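Quick note: the coordinates plus some simple rules give every number you see, no bench work behind them. The structure displayed is predicted, hence computed values, not measured ones. Every residue, glycine as well, gets a Cβ built from its backbone with ideal geometry; the counts of neighbours run over all protein chains shown.
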Amino acid sequence: MENIDWKSLPFGYIKTDFNVRSTFKNGKWSELEISNSEMVNVHIAATGLHYGQQAFEGMKAFMGKDGKVRLFRWIENFKRMQNSADGILMQRVPENIFHNAIVTAVKKNAGFIPPYGSGASLYIRPVLFGSGAKVGVSPSDEYTFIVFVTPVGPYFKNGFTPVDMMIAREFDRAAPKGTGNIKVGGNYASGLRAMKKAHNEGFASVLFLDAREKKFIDECGPANFFGIKDYTYITPKSESILPSITNMSLIELASSEGLKTERRPIADTELSTFEEVGACGTAAVISPIKKIVDEESGKVYEYCKDGKPGPISYKLYSKLQAIQYGEIPDIYGWTEIVEI
Ligand SMILES: *Cc1c(COP(=O)(O)O)cnc(C)c1O
């Protein structure tokens, strides 16, 4: 095992030993290449650089209580990457290449998988982009697929703590019929100004509203939004939201806990009626929200008044993590064990 201070790992990039690559050229995907370089050699006219033909995924491998390494719902990341590829006319990565690449990247960097109990995990980042040269706007004939891994610390340095959010009325993340529902870098680039403003003003992130009417909650920065009231888990329905696998999993867990679940438009005016609200995604699982500020109207919505996450958020968060770390049986079939 690498000599890393696992408990103080940031959520950032740390060099590991190997990454895995495949390229699509002349109508076929190459054999997986295992590389020890952190660099790629890209054509200066690659469509990924000029026209935004680029998509990525994010998932984690966890060292379990039983010493086994678990991948969490990679098949959902695979399906989502297919949708992303289709959405911006990129070549799809075949399932066996995707699976082999992530498993190989984890195995080849086994020493970087943080130990059980550290709260850390191995983040897996697949990325796909147009690497062929085009100057006229059209899809590339060549694509590069890379998977790298990096150990990441627990998202919350001080435990599971509630954060503040700002409603970003002056910015939109994605258009209704645009690319909000696929995981492409362009959505992130268009959200950067809003995120910067939020960070400058001391907020953890921004709450984007739907771009058409500016009435409904869309996403919470790079995470999905959910609210809980009357024993019901409610998450927005919108065509510009990225379907979070964490959210999908929380919905199932909530339902198993006996909660009702709803996926429907959530108006900003409904924010005052929730007992608990949070953001969800692979990085943090759940970020409980303690305050939402709408600068334009001056409205402030407050939750977890005792400073602690709500009980249902806490329960769902603990359950999901317990499955990921192999502490309770995975009755959903969400995890796959990687033989190291
Ligand atoms: C990746 C992502 C999420 C979270 O998805 P998970 O599968 O739960 O990690 C949410 N919103 C956006 C915009 C994302 O890019």
The simple spin-label model distance between residue 318 and residue 175, using points 7 Å out along Cα→Cβ, in nm, is 4.7
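If a helix is a whole DSSP H run, which ones in the chain reach 15 Å or further along their own axis (Cα) and hold a mean Kyte-Doolittle hydropathy of at least 0.0?
95-108, 245-256
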R0 of 25 Å, Cβ-Cβ distance residue 306-residue 229: FRET efficiency to nearest 0.05: 0.90
Quick check on the chain: take the gyration tensor over C-alpha atoms, sort the square-rooted eigenvalues as a ≥ b ≥ c, and tell me if it's rounded (a/c under 1.5), prolate or oblate. oblate
Provide the FRET efficiency to the nearest 0.05 for the residue 332-residue 299 pair, computing r from the beta carbons and using R0 = 45 Å. 0.75
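Can you order the peptides 60-70, 99-109, 279-289 by their average number of other Cβ atoms within 10 Å per residue, highest first?
Numbers: 60-70: 18.5, 99-109: 20.0, 279-289: 24.3.
Output ranking for 60-70, 99-109, 279-289: 279-289, 99-109, 60-70.
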Sequence-distant lysines (8 or more away, or on other chains) whose Cα lies within less than 25 Å of residue 237: 79, 177, 183, 214, 215, 229, 260, 290, 291, 299, 315, 319
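Which percent, nearest 5, of DSSP beta bridges in the chain are antiparallel?
Details: 55 of 66 bridges.
Antiparallel bridges: around 85 percent, rounded to the nearest 5.
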Please report, to one decimal in angstroms, the Kirkwood hydrodynamic radius of region 1-139 built from all distinct Cα-Cα pairs. 16.5
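Filter the trypsin sites (Lys or Arg not before Pro) in region 171-211 down to the DSSP loop ones having no more than 14 other Cβ atoms within 10 Å, then list what survives.
Working: sites: 173, 177, 183, 193, 196, 197; in loops: 173, 177, 183.
Taking region 171-211 and a limit of 14 other Cβ atoms within 10 Å, the loop trypsin sites (Lys or Arg not before Pro) found are 177.
Let me spell out the model: positive unit charges on the Cβ of Lys and Arg, negative unit charges on the Cβ of Asp and Glu, origin at the Cα centre of the chain. What dipole size does that give, in debye rounded to 20?
Numbers: 40 positive and 39 negative charges, 44 e Å.
Once rounded to the nearest 20, the dipole reads 220 debye.
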Where does the longest stretch of the chain lie that holds no GluC sites (Glu not before Pro) found in a DSSP loop with 15 or fewer other Cβ atoms within 10 Å? 39-169
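Tell me the trypsin sites (Lys or Arg not before Pro) within region 1-58 that lie in a loop according to DSSP and have at most 15 other beta-carbon atoms within 10 Å.
15
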Looking at region 231-336, which trypsin sites (Lys or Arg not before Pro) are DSSP coil and have at most 10 other C-beta atoms within 10 Å of their C-beta? 305
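I need the calculated FRET efficiency for the pair residue 25 and residue 263, taking r as the beta carbon distance and R₀ as 35 Å, to the nearest 0.05. Before the final figure, lay out the partial values.
Numbers: r = 41 Å, r/R0 = 1.16.
E between residue 25 and residue 263, to the nearest 0.05, is 0.30.
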